[in-house]
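Student: The structure under discussion is supplied below as structure tokens; questions concerning it will follow.
The values are calculated or read from the model by the stated rules, or taken from the named source; none is laboratory data. This one's a predicted model, so the numbers in the text were calculated from it and none came from an experiment. Note that each Cβ is placed from the backbone with ideal geometry, even for glycine, and that neighbours are counted across all protein chains shown. What goes into the accessible areas is simple: the full protein's heavy atoms, side chains included, and nothing from ligands, DNA or RNA. Shrake-Rupley method; radii C 1.70, N 1.55, O 1.52, S 1.80 Å.
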Amino acid sequence: MNTVFQYLREFHFPTVIFRLVLAMISSGIIGYGRTRRSKTAGFRTYMLTGIGASMSVMLALYEYEMMNTVWADTVASVGLKFDASRFSAAVIGGIGFIAAGSIISGAHQQVKGLTTATGLFASVCMGIACGAGFYECVIFSCVLIVIALNVMQPLERRYKRRCRNITFSVEFEKIENVSEITNVIKAKNAEIQDIEFERVTKEGDEYPSAIMNLRLSKENVSHSDMLSSIAELDSVIAIEELIS
């Protein structure tokens, strides 16, 4: 096994192909899970970022190899200095622009795309590792990233729903209806920690809405129980739990 890895770390045409394919496959595995969830950056985006990162590192290795062989005389006469780490640093800095574009501010002050942005960053770092021939890191990190993006998401959502804190957006007919909503909350022995009012427009009509952050009591009151109790009010138009 060590002999195989040692051969693959050598810099020649077969290993160049292997590193590019490995970067494409490993990044594509991560992007496939994002595509299934209809995220902004999906299968092809992750594949391209991984391949591009791998190419940048191999370009640095290629220039280093050439400067010590074919271009050695020119380098000696001119006195050039070479720092291969600058390529990786430039790639990591450049992916910030792409990742920032996937972060958007949605309705009800929700910020979406943070996981997509960090996934792109991790995919680029994995591509850099592919280009550098750090295969052990690529394989292990790919497994960990897939676990973090796909396996941990339902566990995180389940944990948030079992927490005593709940944040939801509720739309109602007029501002006076807030007292009815707060009465239901108090009847459930919940504490209103924060409330922000907004206005929404539907079919040309404006309705008041509020984003409420509650802390549920220690009694057996679930998130769905609280939401359904508020939704039963005649003055409530719509209610939605906000889960980031």
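Student: Starting from the Kirkwood radius over alpha-carbon pairs of the range 108-244, derive D by Stokes-Einstein at 10 °C in a medium of 1.306 mPa s and give it in µm² s⁻¹.
Tutor: Roughly 89 µm²/s, to the nearest whole number.
Student: Which value, in debye to the nearest 20, gives the size of the charge dipole of the range 1-48 about its Cα centre, when Lys and Arg are +1 and Asp and Glu are -1 at the Cβ?
Tutor: 380
Student: Would you list which aspartates and glutamates come within 20 Å of residue 202, measuring only between C-alpha atoms, while excluding same-chain residues fewer than 8 positions from it?
Tutor: Residue 202 reaches 171, 173, 176, 234, 240, 241.
Student: Would you tell me the accessible area of residue 194, worked out with a 1.4 angstrom probe on the heavy atoms of the protein chains, in Å² to the nearest 10?
Tutor: 70
Student: Against the empirical 2.2 N^0.38 Å scaling, what ratio does the C-alpha Rg of the range 27-72 come to?
Tutor: Compactness ratio reported: 1.70.
Student: Sort 3, 69, 116, 182 from largest to smallest accessible area, using a 1.4 Å probe on the heavy atoms of the protein chains.
Tutor: Result, largest first: 3, 69, 182, 116.
Student: Just the number please: accessible area per residue for the chain, 1.4 Å probe, all protein chains included, in Å².
Tutor: 59
Student: Tell me the relative contact order for the chain as a rounded percent, counting alpha carbon contacts under 8 Å between residues six or more apart.
Tutor: 18 percent.
Student: What lysines sit close enough to residue 81 to cross-link, taking a C-alpha to C-alpha distance under 22 Å and skipping anything fewer than 8 places away on the same chain?
Tutor: List returned: none.
Student: Counting helices only, and only those DSSP H runs with n ≥ 4, report the 222 nm mean residue ellipticity of the chain as the sum of -39,500 (n - 2.57) divided by its residues, in deg cm²/dmol to the nearest 500.
Tutor: Helix contribution divided over all residues of the chain: -18500 deg cm²/dmol.
Student: Dipole magnitude of the range 160-244 about its Cα centre, charges +1 at Lys/Arg Cβ and -1 at Asp/Glu Cβ only, in debye to the nearest 20?
Tutor: The dipole of the range 160-244 has a size of about 660 debye.
Student: Going 7 Å from the Cα of residue 213 toward and past its Cβ, which residues in the range 155-191 have a backbone nitrogen under 15 Å from where you end up?
Tutor: 164-169, 191
Student: Cα convex hull of the range 10-153: how many Å³ per residue?
Tutor: Looking at the range 10-153, the number lands at 104 Å³ per residue.
Student: So, one more: How large are Rg and Dmax for the chain when calculated on the C-alpha trace, in angstrom?
Tutor: In order Rg, Dmax, the Cα atoms of the chain give 26.2, 85 Å.
Student: How big is the dipole moment of the range 116-202 about its Cα centre under a simple scheme where the beta carbon of each Lys and Arg is +1, that of each Asp and Glu is -1, and everything else is neutral? Debye, nearest 20, please.
Tutor: The dipole of the range 116-202 has a size of about 320 debye.
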